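J.: Pasting a structure here, questions to come.
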Amino acid sequence: KKMPFLKDYQQARIAHFLSPDKNDQGGYYQTAQGLRAIERGGWIGVGPGNSLFKQGHLPAPHTDFILAVTGEEWGVAGMLVLLTLYGLLIFFCRQVGHTAGNTFEMLVATGMGLLLFVQVFGNMGVVLGIWPVTGMPLPFISYGGSGLVCLLIGMGVVLGISRHQE
């Protein structure tokens, strides 16, 4: 059945995600390749710059599936360090919002933390096959100028809010 407001490739991704038969063709191809890249990396990875999957086996390795390349090169340990750093950044935004001087500053700082949380765990869910492929970047790491500029401006605002606190 056709879903309104979605393009054909988007509908195919959702249909393959909901399908019980997850073969390596079609809409599940990217996810299968991402999982293989993480599996190849193991616990400690194959080393920086030694990724095999970013050289043509994994579509969009510099944007949507940069976490898979990180998992291949740095292993599960490197992914956990990266996720810990994101957690600290999200916690910082939450703390700034919690101690903000007024409601507006609280909403801005908390909203920035929520934005980071949704992007990090959304991207991680896509790479691990929990969510369908959506095209959500990994903050501060994925290729793309406009998203990076917006995140940097947002973090600058949060830092500005934190400077005005006692």
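The values are calculated or read from the model by the stated rules, or taken from the named source; none is laboratory data. All of these numbers come straight from a predicted model, not from anything done at the bench. Cβ coordinates were reconstructed from backbone atoms using ideal geometry, including for glycine residues, and neighbour counts include every protein chain displayed. In case anyone asks, the SASA skips ligands and DNA or RNA and just uses the protein heavy atoms, side chains included. Shrake-Rupley method; radii C 1.70, N 1.55, O 1.52, S 1.80 Å.
J.: Only residues that are modelled with pLDDT under 85 and either of a type in the set (V, I, T) or open to solvent by less than 10 Å² (accessible area, probe 1.4 Å) (or both): list them for the range 128-140, please.
T.: I130, V133, T134
J.: State all residues of the range 100-127 that are closer than 13 Å to M155 by Cα and buried (at least 16 other Cβ atoms within 10 Å of the Cβ); if no residue qualifies, say none.
T.: E105, V108, A109, T110, M112, G113, L115, L116, listed by residue number.
J.: Among the listed residues F117, F92, identify the single one that is modelled with pLDDT of 95 or more, closer than 30 Å to A15 by Cα and either of a type outside the set (D, E) or in a helix (DSSP H, G or I) (or both).
T.: F117
J.: Also, I was wondering about something else. Which is part of a loop (DSSP other than H, G, I, E, B) and open to solvent by less than 20 Å² (accessible area, probe 1.4 Å), of G71, G34, G47, G97?
T.: It is G47.
J.: How many residues, within the range 50-62, are surrounded by 18 or more Cβ atoms within 10 Å (Cβ to Cβ) and out of contact with any His (no Cβ under 8 Å at 6 or more places or on another chain)?
T.: 4
J.: Within the range 120-140, track down each residue that is in contact (Cβ under 8 Å) with a residue 12 or more places away in the chain and either over 15 Å from the mean Cα position of the chain (by Cα) or in a helix (DSSP H, G or I) (or both).
T.: Passing the criteria: V120, G122, N123, M124, V126, V127.
J.: Taking the residues in the range 100-112 that are in a helix (DSSP H, G or I) and in contact (Cβ under 8 Å) with a residue 40 or more places away in the chain as candidates, determine which candidate is farthest from L67 (Cα to Cα).
T.: Ranking the candidates gives E105 first.
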